[in-house]
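Scroll down for the structure; my scribbles are underneath it.
The values are calculated or read from the model by the stated rules, or taken from the named source; none is laboratory data. Worth saying up front: this structure is predicted, and the values here are computed from it rather than measured. Here the Cβ is made from the backbone with ideal geometry for all residues, glycine too, and neighbour counts use every protein chain on show.
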Amino acid sequence: DTWRYAFEEALDEVQGIYAQKFKEEIEANTDHEIQLFPYGTLGESADIMEQAQDGILQFVDQSPGFTGSLIPEAQVFFVPYLLPQEPETLASFFENSKAINEMFPKLYADQGLELLTMFPEGEVAITTKEPFKTPEDLDEVKIRTMTNPLLVESYKAFGATPTPLPWGEVYGALQTNIIQGQENPMFFIESTKMYEVTDYVTRIGHNNFTTAVMANKDFFEDLSDEDRQAIRDAADAAFAHIIDYQKGLTEASVEKIREAKPSMTFTTLSEEERQPFRDAASEVEAKFLEMTGDSGKEILDQMKEDLKTAEDATQS
Amino acid sequence: MAAAIFSIMIVLLLLGFPMMIPLIAGALVGFVTLFGGLGQLETMIQQMMAGIRPASLIAVPMFIFAADIMTRGQSAGRLIDMVMAFVGHLKGGLAISTAAACTMFGAVSGSTQATVVAIGGPLRPRMQKAGYGDSFILALIVNASDIAFLIPPSIGMIIYGVVSNTSIAELFIAGIGPGLLILVLFAIYSWAYAVRNGVPTEPRASWGERLRAVRAALWPLGFPAIIIGGIYGGIFSPTEAAAACVLYALILETLVFREMGLRDIYRTAKSTGLITAVVFILVAAGAAFSWVISFAQIPQAILSAAGIDQMGQIGVLFAISIAFFIGCMFVDPIVVILILVPIFAPVVADVGLDPVLVGTLITLQVAIGSATPPFGCDIFTAIAVFKRPYMEVIRGTPPFILILLGVSVALIFFPQIALFLRDLAFPGEAG
Amino acid sequence: MVYVSSLPGVLGTFDAAIARVESALLAAGVLLMALNTVANVVGRYLFQSSLFFTEELNRILIVVITFAGISYAARQGRHIRMSAIYDSLPSRARKILMIVIALTTAVLMFGLCWFAAAYLLTQAGRGRVLPALQIPVWTTLVIVPIGLFMTGMQYLLTAVKNAISRDVYLSTAVLEGYDDDETEV
Ligand code: NA
Ligand code: NA
């Protein structure tokens, strides 16, 4: 059969690389064929998610942050400093986390979706027009965020003025100084040319952009055991591939940006400098709990436990 | 399937069905064929909603509203009187000013539909009075507005830049050359039109009269100040500038000029809503139709049959132009960019074309497509705003389309038209 | 000119009332959109805080304007069409074609109304909420099936009007000919 798979990025961005590997594996190991639909070709994030729920698409990649309107608990990925920063710890976290591998699949199943995998897309960095090291430096700095209450809360807690703006307007708004900053993973800062309209990239280590790949549940359950296994294997192979692909991806993107714009300044805040931002996270946690109640608390607590396990496992 | 869909659409269109029906029927036939029944039509509704979701669309009703208030009140008249005081004695002066105003307004507002309304709205009656034919006026407004695609900021270029991983800053600069070239050619055509049709000129205004005209236009000059100063000065996004213009127009016409009352405002708002709805239902239906084309991978099928991977540089550029030109005749330009750019990307890299040149060429085709029948948002907007029949709006287009196609061909053979400024601004990238 | 329903009796009163509601929605939608957008700018500069819901509210308003507007536009005979061939036909053929066009359009509008209602119910079932406003997505779509239904009704009535009267009508209230200004409501 022909299976259709839509995602939120371009073909040569992280989600696209994952999708291509997944397609390659499926087509090598089964007699099915996969058509890929990159960003915008079948609609925005919420649209392709619905199309997957309706069974028009067999596979969809949607970042939990965008899933928040459907599965509020998924917004836990916007709570700052919840994910590990070391690549190895991060990989181990995603592979072994009980929250991700046992709790989230149930929440997705309630929405008619089979959660195949969640994977990190890279540390979120902040690009601005002026340098900053402390929350005070961000006073009156307008930073573009997605229209999401937790992100808005985060940047308020970081001392900035969060400014929700549609993505299409961000480049122009930075160019004309309506906003003075935005956040995204490094590869995305490079591919969307955000560096052309900002001058400083600062890594405060507050988050790692996470995404999720799902299959339509009815479709998945009606498959033969063999096909289901092939899909699971393809998802695992693509996960390994994407973790490997991302080794050095941030550095490679930094190199590309430096080459295109030598004046770009990169700063990584020290643990000490990060502390005030870390302290701000508790306000965001409170907001998350207020929005999601007991079920949110369960996930949040489990995530923290998983984080500790991953750290213990990889840093000893 | 593609052939069946397009035939049905053309037949319904020609029979005089409301324009939304060919689009809805085309999408409907696509859905039914793809999914073997009516089972997935909710997705059609979803895509119709998605079509009118982009935040940039908000600028359209806002500029329609502001322009309507200005035209019903005194603001527009005073601004045009001022322009006329300076160019009224020149052959084709008013037409050339209109083209220039469309280009400039489009450049800052980033919306070609908004330009059709904001500049075309007030200027069309004045051009008619001056003796220009209505078809010429309408075609000039629609086509000059589309130059805005090429002059920064350009949403089409931003999307192309992201999809193809090309510098948006370079694209912006590369668009200026072809954009100005088109403006100059339009100006020459306007002059020729005025001469051939004997459009009368006004007597040259004295400097005293000019000064008086400027003084009368002082308040309304706040509009260009809000739009140009506000957007380039980093105070507003284009959408917000549009809303600010509405507010300013309301204040001017009700409090300063005392030309309008609450009842007039209500009527103007309602008429704005009506025009918006008439155009946006087509945007919505068009989005559902685009989805079908994309889902069925129709462009991929056509292009692989055409054998694009065996063409040289010039061949690929022509193939790209034709594909985008035809695509934009039927489908929303943004969707065309998102679908076609990745398909062409490998070939563009293989033959070693400059992605900035390709992006400029694509943006030009998108601009032409938006003004080209049968489906073009700017045509729809002109019909809705000016209440003129479809045929009358497009009758005057052929000379403009010829100029635009001429510039496309020139750009293919003389890429320096686009790359000259880019190479000046980004010396490292040359070659 | 004031919009006078051409329908008889209670039906006419009802039709005129709906027309008034539609036009109020259109005007209010446009005015609110301007206000909302300007307020966001004011908030950003004076109070260092963007209105977090501006974008979502504008999106809701555009849906309201579009779907209240298509019915209103149908009533006023303002939908865009390419009438070159149609206009060249003799009056009797135009009348028949107009009845066919109006009936087909009505059927398609009723069909879309059905699927819009189904889409709305699906949304309600999934419980999606708008991220900033935190209100259920389906509530923002209520106008969609209603607008489509009212548009279908207008075209159905146009078909009837053409069938029972001598002249050719673009809508229940508007005779052929493009130049007519819209009537006031
Ligand atoms: Na522009
Ligand atoms: Na077109």
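Condition check ((1) buried (at least 21 other Cβ atoms within 10 Å of the Cβ); (2) within 23 Å of B:C377 (Cα to Cα)) across all residues:
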{"residue": "B:I10", "(1), (2)": "no, yes"}
{"residue": "B:L13", "(1), (2)": "yes, yes"}
{"residue": "B:F17", "(1), (2)": "yes, yes"}
{"residue": "B:F31", "(1), (2)": "yes, no"}
{"residue": "B:L41", "(1), (2)": "yes, no"}
Only residues that are among the polar types (S, T, N, Q) and within 16 Å of ligand 2 (Cβ to nearest atom): list them for region B:353-375, please. B:T363, B:Q365, B:S370, B:T372
Since B:G307 meets every condition but one in (1) on the phi < 0 side of the Ramachandran plot; (2) more than 7 Å from every other protein chain (Cβ to nearest Cβ), which condition does it not meet? (1)
Single residue of region B:328-349 satisfying the filter (in contact with a helix residue (DSSP H, G or I) (Cβ under 7 Å, 6 or more places away or on another chain) and within 22 Å of B:L419 (Cα to Cα)) that is nearest to ligand 1 (Cβ to nearest atom): B:I337
Only one of B:I119, B:I176, B:I155 is within 15 Å of ligand 1 (Cβ to nearest atom) and more than 27 Å from B:G273 (Cβ to Cβ), namely B:I176
I need the helices (runs of 4 or more DSSP H) fully contained in region B:223-306, keeping only those with at least 1 residues that are under 30 Å from A:L165 (Cβ atoms), of a type in the set (A, V, I, L, M) and within 26 Å of the chain's Cα centre (by Cα). B:238-251, B:262-295
Can you give me the ranges of the helices (runs of 4 or more DSSP H) entirely in region A:135-236 with at least 2 residues that are of a type in the set (D, E, K, R)? A:149-157, A:217-222
How many of the residues in region C:49-67 are more than 21 Å from A:E169 (Cα to Cα) and facing chain B (nearest Cβ under 7 Å)? 2
Write out, first by first residue and then by second, each pair whose Cβ atoms fall under 7 Å of each other, whose residues are 6+ apart or on separate chains, and whose first residue, in region A:226-237, is under 10 Å from A:N29 (Cα atoms) while the second is among the aromatic types (F, W, Y) and surrounded by 15 or more Cβ atoms within 10 Å (Cβ to Cβ). A:A234/A:F22
Could you please let me know if B:G198 is in a helix (DSSP H, G or I), away from ligand 2 (no atom under 16 Å from the Cβ) and not charged (D, E, K, R)? no
What's the total number of residues in region A:28-62 that are at pLDDT below 90 and more than 9 Å from every other protein chain (Cβ to nearest Cβ)? 1
Take B:I151 and decide whether it is under 22 Å from the mean Cα position of the chain (by Cα) and either within 16 Å of ligand 2 (Cβ to nearest atom) or within 14 Å of chain A (Cβ to nearest Cβ) (or both). yes
Given the residues B:G208, B:G229, which is the only one that is within 14 Å of chain A (Cβ to nearest Cβ) and surrounded by fewer than 16 Cβ atoms within 10 Å (Cβ to Cβ)? B:G229
Expected single match for in contact with a Phe, Trp or Tyr (Cβ under 9 Å, 6 or more places away or on another chain) and without any contact (Cβ under 8 Å) to a residue 40 or more places away in the chain among B:V347, B:V409, B:V393, B:V358 is B:V409
So is A:E24 more than 14 Å from every other protein chain (Cβ to nearest Cβ), without any contact (Cβ under 8 Å) to a residue 12 or more places away in the chain and part of a helix (DSSP H, G or I) or not? yes
Please determine whether any residue of region B:383-397 is under 17 Å from the mean Cα position of the chain (by Cα), within 14 Å of chain C (Cβ to nearest Cβ) and within 16 Å of ligand 1 (Cβ to nearest atom). no
Just to be sure, is B:I173 in a helix (DSSP H, G or I), more than 16 Å from ligand 2 (Cβ to nearest atom) and either touching a residue at least 60 places away in the same chain (Cβ under 8 Å) or among the hydrophobic types (A, V, I, L, M, F, W, C) (or both)? yes
